[in-house]
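The values are calculated or read from the model by the stated rules, or taken from the named source; none is laboratory data. Worth saying up front: this structure is predicted, and the values here are computed from it rather than measured. Cβ sites come from the backbone with ideal geometry, for glycine too, and all protein chains shown count toward neighbours. All accessible areas refer to the heavy atoms of the entire protein, side chains included, with ligands and DNA or RNA removed. Shrake-Rupley method; radii C 1.70, N 1.55, O 1.52, S 1.80 Å.
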Amino acid sequence: MTTIHLPGLVDAHVHLREPGYEHKEDFGSGTAAALAGGVTMVLDMPNTQPPTATADLLLDKARLAAAKAVCDVGLFVGATNTHADAYLPVAQRACGLKVYVSDTFGSLRIDTLELMHRFFRSWAELAGEVGYRMDGHAHGIGPIAVHAEELMLPVCLSLSHLYSVPLHVVHVSRRSEIELIRRAKQRDVPVTCEVTPHHLFLSTDDLGRLGALGDMRPRLASADDVAALWENLDVVDVFATDHAPHTLDEKQSVAPPPGVPGVQTMLPLLLTAVHAGRLTVDDIVLRCVHQPRRIYGLPAQPATHVEVDVDARDVLRNEQMKTRVGWTPFAGMEVIGKVVRVVLRGQVVYEGDQVLAAAGSGRVLFQEG
Ligand code: DOR
Ligand code: ZN
């Protein structure tokens with residue numbers, strides 16, 4: 001047995017579903033799944049019910065998270081067609097502004113270029129006053145994070161360039177997209193991007209086997225797209241899961257919602273890739289700790305680490321999953337590398353497959369002031 005210590009991981013893209021969809025997940029179950037995956041900080045997306053689009057709703061969500069979370073949580077505000085400026089008073093309490101311009105689960109989706117101008121203009125003006133957290137400003141704001149697939153990607157890149165607003169492109173899945181982001185970076189567009197484990201380890205070839213359990217947005221891509229993500233890893237700033245739980249009943253219904261859980265399985269999958277010689281441990285730490293911290297201006301977590309047995313072999317099973325929905329699209333897959341213990345701020349919070357942290361011991365980021 002070879003045990004290594006890693007810093008607590010950040011998962012910069014999770015859907016913890018509270019409020020409104022607690023039958024799928026809540027801050028307690030979702031952050032428990034995070035700890036079991038060696039993740040000690042998560043950034044939660046705004047497509048809840050109601051969506052996190054106003055100041056009051058962000059503050060309500062912060063209270064819910066503070067009461068239940070067992071790891072640290074940052075909260076996104078979301079851009080809406082109907083309440084376009086309502087998030088502005090709490091922009092500094094959010095980890096960033098999430099803008100959906102491609103189809104997803106829930107109602108958040110921006111339809112017009114006019115509104116896109118407004119979001120980028122407002123964000124740039126606010127940054128002029130308070131700065132970007134990534135530049136070390138204590139009370140600054142984060143980036144605009146976009147779900148922008150296919151032809152919507154160049155629209156967002158050009159707005160980022162024209163307004164000089166840092167843009168973080170979530171869950172990039174296609175060759176055309178990662179190659180465009182490479183060119184944009186070469187031209188000094190202030191863009192960063194993330195890739196999910198499911199887009200790295202699954203492709204359309206798995207759809208026959210997975211059925212609706214392999215349906216998410218962006219959809220699984222071709223084997224060539226997957227190869228492109230691996231070939232362009234130097235352009236990939238962040239690995240993040242898009243942990244998007246839906247119940248098995250919902251996934252097996254006539255109109256299954258898109259999305260798959262992932263926060264607990266990311267580290268074992270990435271460690272398996274290390275074992276196979278496709279990644280290094282440093283590649284993981286860079287993309288799951290240092291880069292998310294830099295891009296979102298996240299605080300370091302003192303006296304926090306994850307102990308991993310890098311030789312332990314395991315077959316992923318639904319029954320191991322701490323997410324309320326109790327399944328994983330990776331069930332049956334052999335992984336090499338197991339989270340043995342997690343220490344957060346000096347406390348053992350996970351050991352022997354058990355979450356030991358008290359509800360509410362996780363912190364909600366950026367709420368002071
Ligand atoms: O598949 C997805 N499901 N993609 C997203 O971007 C959102 C997510 C969800 O919230 O279920
Ligand atoms: Zn998402």
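Observations on the structure shown:
- Computed E for A227/E150 - FRET, C-beta separation, R0 30 angstrom, nearest 0.05: 0.95
- Per-residue packing, averaged as other Cβ atoms within 10 Å, sorts the ranges 252-258, 10-16, 90-96, 134-140 into the order 10-16, 90-96, 134-140, 252-258, beginning with the highest.
- Cα gyration tensor category, rounded, prolate or oblate, for the range 225-369 with a/c compared to 1.5: rounded
- 12 Å beta-carbon shell around R341, net charge (K/R +1, D/E -1): -3
- Checking the cross-link pairs K185/K251; K251/K338; K68/K98; K185/K338; K185/K322 against a 26 Å limit on the alpha carbon distance flags K185/K251; K251/K338; K185/K338; K185/K322 as lying beyond it.
- Put simply, the amide H of L356, placed in the peptide plane, has neighbours under 5 Å in Y350, E351, leaving out anything fewer than 5 places away on its chain.
- Relative contact order of the range 51-141, defined on C-alpha pairs under 8 angstrom at six or more residues apart (%): 25
- Computed over protein heavy atoms with a 1.4 Å probe, the accessible surface of the range 1-78 works out to 24 Å² per residue.
- Accessible carbon and sulfur surface of the range 217-353 relative to its total accessible area, %, 1.4 Å: 51
- Full-stretch length increase - R219, E125 - with 0.36 nm per residue and alpha-carbon distance subtracted: 30.4 nm
- Under the Karplus curve 6.51 cos²θ - 1.76 cosθ + 1.60, θ = phi - 60°, whole-Hz ³J(HN,Hα) for the range 238-251, x wherever Gly or Pro sits: 9, 9, 8, 8, 6, 3, 9, x, 9, 5, 4, 4, 5, 5
- Pairwise label distance in nanometres, H23 with A67, each label 7 Å out on the Cα-Cβ vector: 2.1
- Amide H contacts of V364: V73, each under 5 Å away and 5 or more positions distant or on a separate chain (H built 1.01 Å from N in the peptide plane; Pro and chain starts excluded).
- FRET efficiency, 1/(1 + (r/R0)^6) with R0 25 Å, evaluated for E368 and D85 via beta carbons: 0.60
- A straight chain from Q49 to D206 at 0.36 nm per residue would run longer than the Cα-Cα distance by 53.4 nm.
- Net +/- balance of residues flanking R313 in space, Cβ distance below 12 Å, scoring K and R +1, D and E -1: -3
- Heavy-atom accessible surface of the range 263-369, averaged per residue, reaches 43 Å², computed with a 1.4 Å probe.
- Karplus-derived 3J(HN,Hα), 6.51/-1.76/1.60, for each residue of the range 176-186, Hz, glycine and proline x: 4, 6, 5, 5, 5, 5, 4, 5, 4, 5, 4
- When only alpha carbons are used to place a centre, the range 75-90 and the range 127-161 end up 14 Å from one another.
- The chain - mean residue ellipticity at 222 nm from DSSP helices (-39,500 (n - 2.57) per run, n ≥ 4, rounded to 500): -8500 deg cm²/dmol
- Highest-fluctuation residue, V155, V39, V342 considered, GNM on the chain with Cα pairs under 10 Å: V155
- Evaluated at q = 0.25 Å⁻¹: base-10 log I(q)/I(0), Debye formula over Cα of the range 117-177: -1.01
- Length gained on full extension, A303 to L248, computed as 0.36 nm times the residue gap minus the Cα-Cα distance: 16.0 nm.
- When the chain is treated as a GNM with alpha-carbon contacts under 10 Å, the residue of T265, T192, T104 showing the greatest mean-square fluctuation is T104.
- Less than 5 angstrom separates the built amide H of A221 from those of T204, all sequence-distant by 5 or more or on a different chain.
- Whole-Hz Karplus values for the range 27-44 come out as 5, x, 5, x, 6, 5, 4, 4, 4, 5, x, x, 9, 10, 8, 10, 10, 9 Hz, taken residue by residue from phi with 6.51 cos²θ - 1.76 cosθ + 1.60 and θ = phi - 60°; glycine and proline positions read x.
- Cα gyration tensor, the chain - rounded (a/c under 1.5), prolate or oblate: rounded
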